[in-house]
1. As I understand it, the value is the acute angle between the Cα axis of helix 4-22 and the longest principal axis of the Cα atoms of the chain; what does it come to in degrees, rounded to 10?
2. In degrees from 0 to 90, rounded to the nearest 10, what is the angle of the helix 78-89 Cα long axis to the longest principal axis of the chain?
3. Given contacts defined as C-alpha pairs under 8 Å and at least six residues apart, what's the relative contact order of the chain, whole-number percent?
4. Quick check: residue separation of ASN45 and SER91 times 0.36 nm, minus the Cα distance between them. What number comes out in nm?
Amino acid sequence: MKTTNHYNDIFCRRLKQARLASGLSQKRLGIAAGIDEFVASTRINRYEKGVHEPNAEIMQKLAEVLRVPLAYFYAEDNDLAELMLIFFSLSGRQREELMDYAKHRVTS
């Protein structure tokens with residue numbers, strides 16, 4: 001059975017991966033997400049280590065700053081997480097085309 005700790009571990013790992021991929025320091029990410037500059041680095045560090053869990057508003061801001069879908073932080077499967085990032089980067093038209101292709105593949 002999956003536990004809350006399991007999902008917290010996934011969140012911590014994905015947050016750090018997204019932050020590193022964006023090239024942001026913990027402090028810069030925290031400030032960009034609206035966290036006070038004097039505690040920004042410490043708070044992001046604690047989120048990445050699983051000491052604290054951000055509230056829903058902060059999680060959404062982190063996702064926006066990092067340009068990832070919020071669901072990315074909780075994707076258990078690495079392929080699914082990567083697919084989310086790809087899908088999120090596509091234009092509206094490209095998303096429609098990909099969805100049409102996927103639906104066609106599933107029903108064929």
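1. With both axes taken from Cα atoms, the answer is about 90 degrees.
2. Here the helix axis deviates by roughly 80 degrees.
3. 25
4. Once the chain is fully extended between ASN45 and SER91, it gains 13.3 nm.
Since every read-out is calculated from the coordinates, none of them should be taken as a lab result. Please read all numbers here as calculations on a predicted model, not as lab measurements.
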